[in-house]
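Student: Please find one structure pasted underneath; my questions will follow.
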Amino acid sequence: MSFEEEWRQAQASAAANVAMRLNRVDDGPSGPAAADLSVRRDDLGVVGGDAFKLHDGLRRDGNHARESTGAAATALSARNFTCGAELAKVRTKWDTQLRTLSDACAQISNHLDYSMAAHAKDDQRVGGELIAVSRIDEYLK
């Protein structure tokens, strides 16, 4: 078989496969294939809402002992107890860990909000592109 004949067969085969794929997703042995990527806004909303609630609670309740711990550390240090300095270190470490966790929760919540908006825009864009392709496909028939 010559190169030209092989090339024509390859083009015909590719054209047949492209038309099929543009019209639908291939069916598997158990019926229509599911989408590879699916985003359910309800799922993202629940996780994002929980992350926001956790962030809000950490911000509100995480510092409940800040003043009393600081006052205790100062009082103990003033009376030459070494545990006063250690208590101040614990308070500083707690503040750092609390800020880190609170920031992480805020980032999760914000990222999920962004993801939902981005996927909605992508869905609209892809839907518009598929409509244009289906119109082109009508002319090819």
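The values are calculated or read from the model by the stated rules, or taken from the named source; none is laboratory data. On a predicted model such as this, the values are computed, not experimentally measured, just so you know. Cβ coordinates were reconstructed from backbone atoms using ideal geometry, including for glycine residues, and neighbour counts include every protein chain displayed. Surface areas here come from the heavy atoms of the whole protein model, side chains and all, with no ligands, DNA or RNA. Shrake-Rupley method; radii C 1.70, N 1.55, O 1.52, S 1.80 Å.
Student: Taking R0 as 25 Å, what's the FRET efficiency between Asp123 and Asp43 from their Cβ-Cβ distance, rounded to 0.05?
Tutor: Working: r = 16 Å, r/R0 = 0.62.
Efficiency computed from Cβ-Cβ geometry: 0.95.
Student: In what order, largest first, do His111, His119 sit by accessible area if the probe radius is 1.4 Å? All intermediate terms of the calculation are to be shown ahead of the outcome.
Tutor: Details: His111 110, His119 60 Å².
Largest accessible area first, the list is His111, His119.
Student: How much solvent-accessible surface does Lys89 expose, in Å² to the nearest 10, with a 1.4 Å probe and all protein chains in place?
Tutor: 120 Å²
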